[in-house]
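The structure appears right after this line, and notes come after that.
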Ligand SMILES: Nc1ncnc2c1ncn2[C@@H]1O[C@H](COP(=O)(O)OP(=O)(O)OP(=O)(O)O)[C@@H](O)[C@H]1O
Ligand SMILES: [Mg+2]
């Protein structure tokens, strides 16, 4: 009998099906790997098992008995401990308190037993004593720690549950080699004790180092389970891609200007900064160059650095033959860069302000205007909003009154008033509906056809494959591979993204 079994588990968020069909069996004493591209449903499956997400249907069985959890506490009592991908730590509390947070030792039924907390925390922290690094101590607050150290605390917290079923959702993404080795040593011991472990990672080498079996997920479904000993990298990537992706012909070149070897607009060489190193590429007039790979491999960091939004970069950036030193966005904008991010909250919308004010700041900046007549601005703003089919009541309405997709159109309209030479798109369609996405990419292709040089990072593989003339695949802050012409297939994209750099 399996320790844990899932049968036809499913979950949708509105129109988004996060988990279409979750079927898997977890044995006693095994490390069972889950692998699948970004958004394939891995975390959703784990959260359902851990009681933090309620499934719409299907069945979860522990030791052969069907269970239904009303929340994470329920799941913990049933013997499940989980490491959350987004972490679940209390930033202001100490490392010791966080390690024990899932199961705080109490004395006399009410008071937290401080001595017991310290003793338990010490035991789990000691396991990583050699690799935790400077600044790590039981009394440090979590907010003072580095990203890798926070991940270690979340690991310790998960181990401290002493649960028979342990789920680790991307526990190693910020860890270095020595930290991973140390953690794997612990996992091997737990396995020998008979614990059952689900392990998620995008790093192929880790999967083969620690896994006993592997289940591939694709588009919200568990596709197939294999013994690690009976499979290889290539077979796993093929399962992730699926037959459809395999047979699909590469998208047509998005526009003809791109293939003609036009004039180079942007040339980047030896570009390094926080999160990326030695990046080099060119974008010609009318070309859409895609940035691909798993999330967070340096794609956004490069775009933000080119736009002057982050300090500490080195290397050469040449725009239209002029050497650039975009230290700040203000300078980058005047030089001819535009930057559009899907993160409107952080990078785009001026919250609570009228639409007109949200459309025109770039126009002010580029033309060094301090004041302008409202009618002049109106005449500039209206055609730009029109071109994007933006739905809004009036230019005086607050931007917050618009849907996410229409807010994004206002942000984009900003850049259409005075055309930039280079358009940097940082996952621009995050959280917008299908129709708006289609409108947006039609417009992006039009802009390219008019000669704009475009760099597109998208977290959706289909958007890249359908729109980019060339794809630069990022892995660990570097360009691992360039895909052109008929090489632009999902298989090649995954292959480059998943092989360790
Ligand atoms: N709370 C939510 N609300 C709306 N959509 C969600 C929510 N959680 C997940 N989704 C969507 O469900 C799909 C599956 O998400 P999930 O987090 O399970 O993927 P994943 O395989 O863990 O991806 P990653 O490798 O990026 O961590 C995605 O399309 C995601 O956007
Ligand atoms: Mg996930």
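Taken together, the values in this text are just the output of simple stated rules run on the coordinates, not laboratory data. Model, not experiment: these values are computed from the prediction. For neighbour counting, all protein chains shown are included, and Cβ atoms are generated from backbone atoms with ideal geometry for every residue, glycine included.
Please express the shape of the range 271-397 as an equivalent ellipsoid: the semi-axes are the square roots of 5 times the eigenvalues of the C-alpha gyration tensor, given largest first in whole angstrom. Numbers along the way, then the final one.
Details: eigenvalues 185, 59, 42 Å².
Calculated on Cα positions only, the semi-axes equal 30, 17, 14 Å.
If you scale each eigenvalue of the Cα gyration tensor by 5 and take the root, what three semi-axes come out for the range 360-414, rounded to whole angstrom and sorted largest first?
Details: eigenvalues 80, 26, 23 Å².
Gyration-tensor ellipsoid for the range 360-414: 20, 11, 11 Å.
If the label point is 7 Å along Cα→Cβ of residue 295, which residues in the range 449-470 have backbone nitrogen under 18 Å from it?
457-464, by backbone N distance to the label point.
Can you give the angle from 0 to 90° between the axis of helix 177-192 and the longest principal axis of the chain, with both taken from C-alpha atoms, to the nearest 10?
It is inclined by approximately 40 degrees.
Which value in deg cm²/dmol, rounded to the nearest 500, describes the helix-derived mean residue ellipticity at 222 nm for the chain, given -39,500 (n - 2.57) per DSSP H run of n ≥ 4 and division by the residue count? Don't jump to the answer; show the numbers that get you there.
On the way: 19 runs with 178 residues, N = 501.
Roughly -10000 deg cm²/dmol at 222 nm, from the helical runs in the chain.
Would you mind giving the three semi-axes, in whole Å and largest first, of the ellipsoid equivalent to the chain according to its Cα gyration tensor?
Details: eigenvalues 385, 137, 108 Å².
Working from the Cα gyration tensor, I get semi-axes of 44, 26, 23 Å.
With an 8 Å Cα cut-off and a minimum separation of 6 or more residues, compute the relative contact order for the range 348-419 in percent.
Taking the mean separation of contacting Cα pairs over the length of the range 348-419, I get 51 percent.
Could you state the angle between the C-alpha long axis of helix 434-449 and the longest principal axis of the C-alpha atoms of the chain, as a value from 0 to 90 degrees rounded to the nearest 10?
Roughly 50 degrees between the two axes.
To the nearest whole percent, what portion of all C-alpha pairs in the range 4-242 is separated by more than 25 angstrom?
Above the 25 Å cut-off, the range 4-242 has 41 percent of its Cα pairs.
Run through the DSSP bridge list for the chain and note the antiparallel percent, rounded to the nearest 5.
Details: 44 of 80 bridges.
Percentage antiparallel, nearest 5: 55.
In whole angstrom, and with the biggest value first, how far do the Cα coordinates of the range 392-501 range along each principal axis?
So the three principal-axis extents are 51, 28, 24 Å.
Sequence gap at least 6, Cα distance under 8 Å: using those rules, report the relative contact order of the range 4-242 to the nearest whole percent.
On the way: 449 pairs, mean separation 70.6, N = 239.
30 percent.
So for 294, 472, 456, fewest C-beta neighbours within 10 Å to most, what's the order? Spell out each step's value before the answer.
Values: 294 19, 472 23, 456 29.
Starting with the residue having the fewest Cβ neighbours, the order is 294, 472, 456.
Taking the Cβ of each residue in 193, 97 as the centre, tally the other Cβ atoms inside 10 Å and list the residues starting with the fewest. Working shown, then result.
Details: 193 9, 97 22.
If I rank by nearby Cβ atoms, fewest first, I get 193, 97.
Take 494, 13 and order them by how many other Cβ atoms sit within 10 Å, fewest up front. Please list the in-between numbers first.
Values: 494 22, 13 11.
Starting with the residue having the fewest Cβ neighbours, the order is 13, 494.
Could you grab the relative contact order for the chain? Cα pairs under 8 Å, six or more apart, rounded to a whole percent. Walk me through the intermediate numbers first.
Numbers: 1001 pairs, mean separation 78.9, N = 501.
Across the chain, relative contact order equals 16 percent.
With the crude spin-label approximation of a point 7 Å out along Cα→Cβ, what separation in nm comes out for residue 224 versus residue 403?
About 3.9 nm separates the two model spin labels.
Rounded to the nearest 0.05, what FRET efficiency do residue 435 and residue 147 give with R0 = 22 Å and r taken as the Cβ-Cβ distance? Could you check?
0.05
DSSP beta bridges in the range 4-242, what fraction antiparallel, as a percent rounded to 5? Before the final figure, lay out each step's value.
Numbers: 24 of 42 bridges.
Percent antiparallel among DSSP bridges in the range 4-242 is about 55.
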